[in-house]
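Q: For reference, the structure I am asking about is given below.
The values are calculated or read from the model by the stated rules, or taken from the named source; none is laboratory data. Values in this document were obtained by computation on a predicted structure and should not be read as measured data. A quick note on method: Cβ atoms are made from the backbone with ideal geometry, for glycine too, and the neighbour counts reach across all protein chains shown.
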Amino acid sequence: MRAAGARAPRSLTAAPVPAFAAVAALTAPLFLLVFVGYALSRWGRWPKVASDALSRFVFAVAIPAFLFRLMSDFPGQPPVDAMLLVAYFGGALVTFALARAVAAWGFGMDGVGQSIFGVGTVFSNTVLLGIPLAKVTLGDAVLPPMSLVIVFNALVLWTLVTVSVEWARNRELSARGLAKTAAGVVTNPVVAAILLGTAFGYTGLALPGFAAETLGLMSQAAVPLSLIVLGMGLAEYGIRDGWRPAAALAVVKLAVFPLVVFVAARALALPERELSAVVMLAALPVGANVYLMAREFAALEGPVAASLVLTTLAAAVTTPVLLSLLR
């Protein structure tokens, strides 16, 4: 399938029904795999230890192998416009501020709760869902710009929420906390695979045939297994606790954030490939990292868990709509 940038842009106000049907047909198997994972955990009674082991394999082996292989060809790809980082993270900061206002005025949350609510509206599920969706619907050409965002995503947003929470609690920042965040991001297998793959590509060397074939076989498992693992993870969460703030968070995440990023990308005149990448990333469901943040800072755990389920369910409809508009 061709990248979004290879097609003539269409009006965003009148996307034809066939375009929506085509994208829905492409994305339906992906969300069905999410449902398979959910069913295995919820009704198939697969133990949590199986889910944890499979998740560890996906994050530590399959996805890193896929990204290393992809990014080792990065020097031969068309150049990526680095302004996409400005569009994406600039849009994230604007949305974060708006979300904090919603949390404060709409739900009376304190500074810590506002911070978790805010980061939930801008931290997307870029790895487990973003990579498979982009590969199937937009093509491999859009993955290098997406990878650039993925590298900075965890670092920027973990730092943002850490600064916001520490300021809310103590009105001062901790260098130790920021250093710990940076170290954790750099040693993340996904980020490390992107960085190492890119560096290897610039050496001009080629992998031995057996190594390239092995990486290729592991890469083939990355897309389906990542979606099954996502579904298994969702089975651990419920939607009863704090569903009102969870619903508000979902609306901002799936509607406001993509719109803000789209406006920023258009204002910066990003090429169609980069525009498609950042808007799609912004429109993805809430990432599981936000739940880790909620537990780390002991705030909003129920609503965040509910938002993971709500946004993933809603994305089964909103993602085809968005992609048909971008096409």
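Q: Of the conditions (1) assigned to a helix (DSSP H, G or I); (2) over 21 Å from the mean Cα position of the chain (by Cα); (3) over 29 Å from V102 (Cα atoms), A168 fails just one. Which one is it?
A: (3)
Q: Additional query: Filter segment 85-110 down to the residues that are aromatic (F, W, Y) and crowded, with 23+ Cβ neighbours inside 10 Å, then identify the one that is farthest from V151 (Cα to Cα).
A: F96
Q: I'd like to know if segment 154-173 contains one or more residues that are of a type in the set (D, E, K, R), touching a residue at least 12 places away in the same chain (Cβ under 8 Å) and under 23 Å from L30 (Cβ atoms).
A: No, because not a single residue in segment 154-173 is of a type in the set (D, E, K, R), touching a residue at least 12 places away in the same chain (Cβ under 8 Å) and under 23 Å from L30 (Cβ atoms).
Q: Scan S147, S72 and give me the residue that is farther than 24 Å from L323 by Cβ, buried (at least 17 other Cβ atoms within 10 Å of the Cβ) and among the polar types (S, T, N, Q).
A: After ruling out the rest, the residue left standing is S72.
Q: Continuing with the same structure: Answer yes or no: is there a residue in segment 41-53 that is buried (at least 17 other Cβ atoms within 10 Å of the Cβ), at pLDDT below 85 and assigned to a loop (DSSP other than H, G, I, E, B).
A: There is no residue in segment 41-53 that is buried (at least 17 other Cβ atoms within 10 Å of the Cβ), at pLDDT below 85 and assigned to a loop (DSSP other than H, G, I, E, B).
Q: Sticking with this one: Would you say I239 is modelled with pLDDT of 90 or more and either surrounded by fewer than 17 Cβ atoms within 10 Å (Cβ to Cβ) or farther than 19 Å from S147 by Cα (or both)?
A: Answer is no for this residue.
Q: May I ask you to say which residue of R266, R240, R244 is of a type in the set (K, R), in a helix (DSSP H, G or I) and more than 18 Å from L93 (Cα to Cα)?
A: Of R266, R240, R244, the one residue that is of a type in the set (K, R), in a helix (DSSP H, G or I) and more than 18 Å from L93 (Cα to Cα) is R244.
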